[in-house]
Amino acid sequence: MSNAIRIDGKAKAAELSEEITAETAELLEQHGLQPGLAVVIIGEDPASQVYVRNKGKRAEGCGFYSVQHSLDAGTSQDDVLKLIDELNNDDKIHGILVQLPLPDHLDEQTITQSISPAKDVDGFHFINIGKLTSGNTADAFVPCTPAGCMLMIEDQLGADLSGLNAVVIGRSNIVGKPMAALLLQAHATVTICHSRTRDLAGVVHEADIVIAAVGRPNMVTGSWIKPGAVVIDVGINRSEVEVDGETKSKLTGDVDYDSVSEVAKAVTPVPGGVGPMTITMLMFNTLRAARLSAGLDS
Ligand code: NAD
């Protein structure tokens, strides 16, 4: 029997979006300032096309000025850098996002580091990473996925995680590492696990908070979970399934929702958990970038 709370990321994201929309209208009315988001996509990756379209739609829904630059898969690195330089110097744009992954001939690090740290709403610039890991978050941009996870954890456990063990599975720069930094800042005792961790199930079993960001469907099962833990599933694994003779795309998380929800206090579903929060935090970061650009508090 499932006892766990189903953490409704979709509902929380909708609530936050409403607040962002209201604050955007206020910013325009009181300061004549409209947050602007530029999304750059290079190539034809179908999943990236969907993400970018959704980001643009959401930005417009919040009342932002929203532009999309779709570049050919063969665009040279110099041309990408030239566009980013233009956007860095465009006063109407407060947030710049380059959709990953990039085509193989482009260097991801050079491109992400060319975005002005003040417009880096993805939080991937070394300046923002440094601010986050040193606890100087007053004007830092925190990567959207871990920022969204943190809000959902706070809802369940409060903002002070003193005395709690948190285990992050996955050590990517986009999710695992910034997630660990945020949990540490909230005073949790943090362990980061990865592909070379021994006895992963045993380590996870000690955790009051589990964040799975691996990319392996249903890897974390109920037998790994300490009773009463809060479990956040970041994983997005796509598979093709046949429904009434039609092939459909299905999303599965890294957490086996059914068995985990028999043991945990609360679990995020996939879809409808972390995903909707990620895109909302992008809007939050863009509004914040606009406010900071005008010297307003964030
Ligand atoms: P990544 O591939 O960069 O990192 C995966 C991590 O998992 C690595 O650190 C690796 O060491 C670890 N790992 C791999 N196999 C493991 C194993 N057997 N045991 C323990 N650890 C193992 O991935 P990422 O970019 O961090 O993304 C992780 C997952 O989260 C993916 O499914 C991705 O699609 C998803 N994701 C979702 C969102 C969202 O908004 N919901 C955002 C970003 C990523």
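All of (1) buried (at least 17 other Cβ atoms within 10 Å of the Cβ); (2) without any contact (Cβ under 8 Å) to a residue 24 or more places away in the chain hold for Asp297 with one exception: (1). The set of residues in the range 133-146 that are part of a helix (DSSP H, G or I) and surrounded by 23 or more Cβ atoms within 10 Å (Cβ to Cβ) comprises Cys144, Thr145, Pro146.
Note on the range 247-298: residues that are of a type outside the set (Lys, Arg) and part of a helix (DSSP H, G or I) total 22. Has the range 222-234 got at least one residue that is within 21 Å of Leu97 (Cβ to Cβ) and near the ligand (Cβ under 9 Å from one of its atoms)? Checked against the condition, which is being within 21 Å of Leu97 (Cβ to Cβ) and near the ligand (Cβ under 9 Å from one of its atoms), the range 222-234 yields at least one hit. When Gly170 is tested against the conditions (1) in contact with a Cys (Cβ under 8 Å, 6 or more places away or on another chain); (2) under 29 Å from Tyr65 (Cβ atoms), the lone failure is (2). Within the range 266-288, restricting attention to residues that are of a type in the set (Val, Ile, Thr) and in contact with a strand residue (DSSP E or B) (Cβ under 6 Å, 6 or more places away or on another chain), the residue that is farthest from Ile96 (Cα to Cα) is Val267. Residue check, Glu18 against (1) surrounded by fewer than 14 Cβ atoms within 10 Å (Cβ to Cβ); (2) over 17 Å from Met277 (Cβ atoms); (3) acidic (Asp, Glu), all met but one. Which one? Of everything listed in (1) surrounded by fewer than 14 Cβ atoms within 10 Å (Cβ to Cβ); (2) over 17 Å from Met277 (Cβ atoms); (3) acidic (Asp, Glu), Glu18 misses just condition (2). Every condition in (1) more than 18 Å from Pro35 (Cβ to Cβ); (2) surrounded by fewer than 20 Cβ atoms within 10 Å (Cβ to Cβ); (3) in contact (Cβ under 8 Å) with a residue 40 or more places away in the chain is met by Phe124 except one, and the failing one is (2). Across the range 245-298, what is the total count of residues that are within 14 Å of the ligand (Cβ to nearest atom), more than 16 Å from the chain's Cα centre (by Cα) and of a type in the set (D, E, K, R)? Count: 1. Here Leu184 passes the criteria (1) in contact (Cβ under 8 Å) with a residue 40 or more places away in the chain; (2) more than 23 Å from Asp256 (Cα to Cα); (3) surrounded by fewer than 20 Cβ atoms within 10 Å (Cβ to Cβ); (4) of a type in the set (A, V, I, L, M, F, W, C) except the one numbered (1).
Evaluate the following for Thr112: is it hydroxyl-bearing (Ser, Thr, Tyr) and without any contact (Cβ under 8 Å) to a residue 24 or more places away in the chain? Yes: the conditions hold for Thr112. The set of residues from the range 181-221 being more than 14 Å from Asp233 (Cα to Cα), assigned to a helix (DSSP H, G or I) and within 11 Å of the ligand (Cβ to nearest atom) comprises Leu200, Ala201, Val203.
Yes/no matrix, rows are residues, columns are (1) more than 15 Å from Ala290 (Cα to Cα); (2) without any contact (Cβ under 8 Å) to a residue 24 or more places away in the chain; (3) part of a helix (DSSP H, G or I); (4) under 19 Å from the mean Cα position of the chain (by Cα):
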{"position": "Ser2", "(1), (2), (3), (4)": "yes, no, no, no"}
{"position": "Glu15", "(1), (2), (3), (4)": "yes, yes, yes, yes"}
{"position": "Glu18", "(1), (2), (3), (4)": "yes, yes, yes, yes"}
{"position": "Ile41", "(1), (2), (3), (4)": "yes, no, no, yes"}
{"position": "Ala47", "(1), (2), (3), (4)": "yes, no, yes, yes"}
{"position": "Val52", "(1), (2), (3), (4)": "yes, no, yes, yes"}
{"position": "Gly56", "(1), (2), (3), (4)": "yes, yes, yes, yes"}
{"position": "Ala59", "(1), (2), (3), (4)": "no, no, yes, yes"}
{"position": "Asp78", "(1), (2), (3), (4)": "yes, yes, yes, no"}
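Throughout, read-outs are computed from the coordinates displayed, never taken from laboratory work. Since the structure is predicted, the reported quantities are computational estimates derived from the model, not experimental observations. Here the Cβ is made from the backbone with ideal geometry for all residues, glycine too, and neighbour counts use every protein chain on show.
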